[in-house]
Every structure is written in C-alpha cells, then in structure tokens.
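Working notes for the structure below.
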C-alpha cells in the first residue's frame, strides 16, 4: 500500500528486498452496529444503496488498512459510505452507533460480537476464520474480494539464492509446527506458507491491487 500511498519513500520495497518466506495472513472483519437492520452482506448493500451517503464507515485513519479494505468494498459494490478517520480509535463510536460499519481486526471487536453488542457480517479473507467459523467470507457474496494483513520475511536484494532457499525451508517448517500454528491461530493469523518466488509474486500482486484502490479512491496519507 505504501508504495502508492506515499509519493516519496526512502526505499523501493519490491526492488530492494528479496522475498524469503510468507508467515501468514490475518483476516479483517466487516462489523456493524446492530442498529443497522442488516443480518447479511447482501442486506447491508441493499440498505446502503437505499440510504446513500448516510452510513458512516470508521477507520484507523486515511490510508490505514481498515480504510483501504473498506474502499475496495465500496468500489466493488458501488455504494456510498462516508469515511470517518480516527486517530484515537473508532470502537467507542461504533459501539454507540455514531459509526455504523468498520473493517477492523478481529481481536478488536470479537468480545463485543460474542456479547451481542456488535454484529459480524463477513471476514475479508478467502477462507473463513477458525476463531469465528460461522461468519462467512466476503468472497461468498463478492467474487474477487480478498484482503488480509499479511506478514513475511525479506532479506537484502543481494542475499545469495542458496541462503534464501534455506531460510524459506526453515521458516515454512516452523510455521507448519502444530504448536506454532496454534499460537498463530490464537492471534487470528492463518499460516500462508509458499516458496520465495511465489511470495515475490504475491507481494507484486498485492502492490498492484491495493495501489489501484488507492488511486481510484484518491486516498492521501495523513
């Protein structure tokens, strides 16, 4: 995202970093205040179209993950949500109903979802979350929608190939360990092992996908 969001960076991630290994991706959650009369994503889309420009979408700030994930949803559904960026946290206003919808991290809202104070409509990843298995994916309603906040390991661009290959195998082995997988799952992270070449392609594809969203939505960093 930053490659497009910031006009002047002191580095070029894709040119200067050699992809080593992916660790995992964390799904975000499309969550609404129960005052919104929608129980499913299609119902929310219909309600938003009937109330264009009247629904507030909170985020962690201009260009944040929650903002950009929400903008992609808006683009794909052709609905008008009013973006409300926060610096101190959107949760109080989401709970009070001043903000109606948020694309946020699962740990932030899961206790309120289980307590009935918020309603989860979908997760942003292509597969359902083990933490909230009954919550569908946005992909089930919006073909082509997939988003996750992922983590991986990189190295300086001139790192020898054999070193990268060894690191890749060792990191993938650690990520496949049942104990580590359980710890990652507890953090809401789904293991996402791949070769270094596949990870490099994934990074390039992600940069292109989110760069397009940022350009179309004309998002400027705070």
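The values are calculated or read from the model by the stated rules, or taken from the named source; none is laboratory data. What you see is a predicted model, and the numbers here were worked out from it, not measured in a lab. Every residue, glycine as well, gets a Cβ built from its backbone with ideal geometry; the counts of neighbours run over all protein chains shown.
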Inset, instruction - Could you check residue 130 against (1) within 20 Å of residue 195 (Cα to Cα); (2) touching a helix residue (DSSP H, G or I) at 6+ places or on another chain (Cβ under 7 Å); (3) not in a helix (DSSP H, G or I) and say which number it fails? - result: (1)
Inset, instruction - Could you figure out which of (1) over 26 Å from residue 5 (Cα atoms); (2) assigned to a helix (DSSP H, G or I); (3) touching a helix residue (DSSP H, G or I) at 6+ places or on another chain (Cβ under 7 Å) isn't true of residue 204? - result: (1)
Inset, instruction - Just one of (1) under 28 Å from residue 213 (Cβ atoms); (2) exposed (fewer than 15 other Cβ atoms within 10 Å of the Cβ) trips up residue 124, so point out which. - result: (2)
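Residue 44: at pLDDT 95 or above and farther than 30 Å from residue 194 by Cα, yes or no?
Criteria met by residue 44.
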Legend entry - Criterion: closer than 30 Å to residue 173 by Cβ and crowded, with 18+ Cβ neighbours inside 10 Å - qualifying residue of 26, 38: 26
Inset, instruction - Output the number of the condition that residue 197 fails; it satisfies all remaining conditions of (1) at pLDDT 95 or above; (2) within 18 Å of residue 16 (Cβ to Cβ); (3) touching a helix residue (DSSP H, G or I) at 6+ places or on another chain (Cβ under 8 Å). - result: (3)
Legend entry - Test result for residue 190, outside the structural domain of residue 103 (by TED's automatic domain parsing), under 16 Å from the mean Cα position of the chain (by Cα) and closer than 27 Å to residue 126 by Cα: yes
Inset, instruction - Taking the options 7, 49, 74, name whichever one is in a loop (DSSP other than H, G, I, E, B) and either crowded, with 21+ Cβ neighbours inside 10 Å or not assigned by TED's automatic domain parsing to the domain that holds residue 168 (or both). - result: 7
Inset, instruction - Go through (1) out of contact with any strand residue (DSSP E or B) (no Cβ under 7 Å at 6 or more places or on another chain); (2) within 29 Å of residue 218 (Cβ to Cβ); (3) modelled with pLDDT of 95 or more one by one and return the number of the condition residue 88 breaks. - result: (3)
Legend entry - Selection count, segment 130-168, where residues are within 13 Å of the chain's Cα centre (by Cα) and crowded, with 19+ Cβ neighbours inside 10 Å: 5
Legend entry - Selection within segment 77-115 - out of contact with any helix residue (DSSP H, G or I) (no Cβ under 6 Å at 6 or more places or on another chain), buried (at least 16 other Cβ atoms within 10 Å of the Cβ) and in a loop (DSSP other than H, G, I, E, B): 86, 90, 100
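If you go through segment 177-193 one residue at a time, do you hit one that is exposed (fewer than 15 other Cβ atoms within 10 Å of the Cβ), touching a helix residue (DSSP H, G or I) at 6+ places or on another chain (Cβ under 7 Å) and farther than 19 Å from residue 59 by Cα?
No, segment 177-193 has no match at all.
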Inset, instruction - Report yes if some residue within segment 163-175 is closer than 30 Å to residue 111 by Cβ and either in contact (Cβ under 8 Å) with a residue 24 or more places away in the chain or not in a helix (DSSP H, G or I) (or both); otherwise report no. - result: yes
